[in-house]
1. Considering only Cα-Cα distances, which of the following residue pairs are longer than 19 Å: Lys210/Lys350; Lys350/Lys417; Lys115/Lys193; Lys244/Lys293; Lys115/Lys194?
2. What's the local net charge at Val17, with K and R +1, D and E -1, over the other residues with C-beta under 15 Å away?
3. Only four residue types carry charge here, +1 at the Cβ of Lys and Arg and -1 at the Cβ of Asp and Glu. Report the dipole size of the chain about the Cα centre in Debye, rounded to the nearest 20.
4. Over all alpha-carbon pairs of the chain, lay out the pair-distance distribution in 20 Å bins, whole %, shortest bin first.
5. Helix 97-109 versus the longest principal axis of the chain: what is the Cα-based angle in degrees, 0 to 90, to the nearest 10?
6. In Å and from the alpha-carbon atoms only, list the Rg and Dmax of region 2-225.
7. Pull up the cross-link candidates among the lysines for Lys335, meaning alpha carbon to alpha carbon under 24 Å and not fewer than 8 places away within one chain.
8. Report, in whole Å, the centroid distance computed from the Cα atoms of region 425-452 and region 12-28.
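Read-outs throughout are calculated quantities, based only on the coordinates presented, and are distinct from any laboratory measurement. Quantities reported herein were computed from a predicted structural model and do not represent experimental measurements. Here the Cβ is made from the backbone with ideal geometry for all residues, glycine too, and neighbour counts use every protein chain on show.
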Amino acid sequence: MRVCVIGTGYVGLVTGVCLAHSGHHVICIDNNEEKVKLMKAGQSPIYEPGLSELMQSSAQSGRLEFSTDLGAGVKHGEILFIAVGTPPLPTGESDTRYVEAVARGIGVHLNGGYKVIVNKSTVPIGSGDWVRRIVLDGIEERQKTLVTAGGGGVPEPIHADFDVVSNPEFLREGSAVYDTFNPDRIVLGSNSKKAIAMMQELYIPIVERKFADDPSLPHVPVVVTDLSSAEMIKYAANAFLAVKISFINEVANICDRVGADVTQVARGIGLDSRIGSKFLQSGIGWGGSCFPKDVSALIHTADDYGFQTELLNAAVHVNQRQRVIAIEKLQHELKILKGKTIGLLGLTFKPDTDDMRDAPSLTLIEQLNRLGAKVKAYDPIVSQSGLSHGLTGVIIETDPEMLADGCDALVLVTDWKEFLSLNYEKMAKSMFNKVLIDGRNFLSREALEEIGFRYVGIGH
Ligand code: UDX
């Protein structure tokens with residue numbers, strides 16, 4: 001099928017590349033010329049395992065193109081994905097101005113055959129109908145310019161037949177390509193049977209697990225709903241996972257006080273199939289571009305309708321407190337932090353991504369600075385890529401041994417695999433105080449204690 005994806009952030013680019021790999025002909029549109037130039041040259045603007053390889057092979061096969069020309073993209077696609085950002089506003093609401101601009105732009109360029117316009121961006125509930133109206137506004141705008149250009153004569157009315165579908169994504173950064181080809185479900189929300197049928201056809205290769213790690217698994221379930229329910233599924237899924245993590249973090253804090261081990265508790269409860277073992281890893285809290293933004297947006301939506309959410313507010317509150325738990329533990333170990341040097345292992349909000357959005361490390365840096373500590377950090381991606389430029393109050397080291405040199409404590413912030421095999425013995429030798437706060441319960445207490453570290457986990 002002919003597909004146009006507008007917006008080449010994490011979601012848009014991964015969707016476009018994976019659909020091209022599945023056999024569709026995809027044009028990815030972005031208004032950032034530099035980015036488009038880079039992608040045309042076969043380079044991915046984001047770090048995402050496996051993405052560059054698929055990008056290059058799909059581009060070589062002629063099924064994947066990049067352009068800044070929205071008109072050409074709209075003309076090409078039978079299915080048009082809106083995949084631009086919806087960043088949070090200071091109020092917690094989503095900023096939908098990019099979605100609005102794209103929807104209007106689609107309307108302005110729409111003409112000819114039937115099109116399915118797909119909301120892939122995470123948009124407030126009710127946005128499906130709103131997008132429809134904005135597209136219609138765009139069509140009207142163009143009709144007016146035709147009247148003016150025609151010098152007052154009556155121009156041909158624009159023929160534009162389209163439906164809107166909500167198709168939320170559930171991909172995780174760092175395993176976005178894997179998640180796209182191995183989804184737990186595909187959600188399609190629309191009031192149009194024709195649009196749903198076209199979306200089902202688009203996803204046949206993925207539903208039939210043609211590119212899945214285990215193609216023998218049963219077909220991927222497709223959940224067909226109305227527009228608002230599909231939009232709600234996205235928020236409810238992310239909110240549930242955020243609550244689940246906050247729950248285990250709350251349990252971890254109780255474990256710390258009573259002397260239980262949260263990692264054993266998580267295993268013990270996770271084996272109950274009603275609970276499930278995933279997303280029960282306690283630590284210094286959730287961050288990233290989705291959980292904080294989506295939970296706030298859902299709280300805000302409920303508030304708009306006069307409903308105060310208790311559970312979601314509590315999950316956010318637990319998460320805020322969780323971020324500074326590493327500092328409380330440092331104070332317990334080192335007492336006054338003023339003048340002490342703290343080394344952060346990891347900066348990104350989770351491993352296998354270069355994303356720093358709402359990363360717990362940012363809160364730690366700010367709070368440690370406020371308490372007068374000197375902060376250094378090493379991150380496998382940030383240290384190498386020059387992404388550290390926007391960071392203040394932290395010295396970025398280019399290797400973990402330099403990081404440890406002169407430190408009073410290390411705090412493991414991100415569970416990057418490479419941190420499992422660092423030379424901690426050598427690192428300990430250059431430290432003033434051998435304290436290690438494991439903010440992800442990731443390292444081996446026994447191994448670290450054996451080489452003289454004072455190891456402190458989270459509820460562990
Ligand atoms: C999330 C959702 O998982 C995905 O479905 C959605 O499309 C986008 O939001 P992502 O933000 O990429 O994906 O990361 P995820 O792996 O879900 O982790 C989110 C945060 O929770 C990270 O900060 C991570 O460190 C933290 N986390 C995750 C925990 O603290 N404990 C866990 O058990 C799992």
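1. On the way: Lys210/Lys350 29 Å; Lys350/Lys417 11 Å; Lys115/Lys193 13 Å; Lys244/Lys293 16 Å; Lys115/Lys194 10 Å.
The answer is Lys210/Lys350.
2. On the way: positive: Lys35, Lys40, Arg63, Lys120; negative: Asp30, Glu48, Glu53, Glu65, Glu169, Glu173, Asp179.
Neighbourhood net charge equals -3.
3. Details: 45 positive and 56 negative charges, 59 e Å.
Dipole of the chain, to the nearest 20 debye: 280 debye.
4. Values per bin, smallest distances first: 23, 50, 24, 3, 0.
5. It is inclined by approximately 20 degrees.
6. 17.6, 63
7. Candidates past the 8-residue exclusion: Lys374, Lys376, Lys429, Lys434.
8. Between the Cα centres of region 425-452 and region 12-28 lies a distance of 44 Å.
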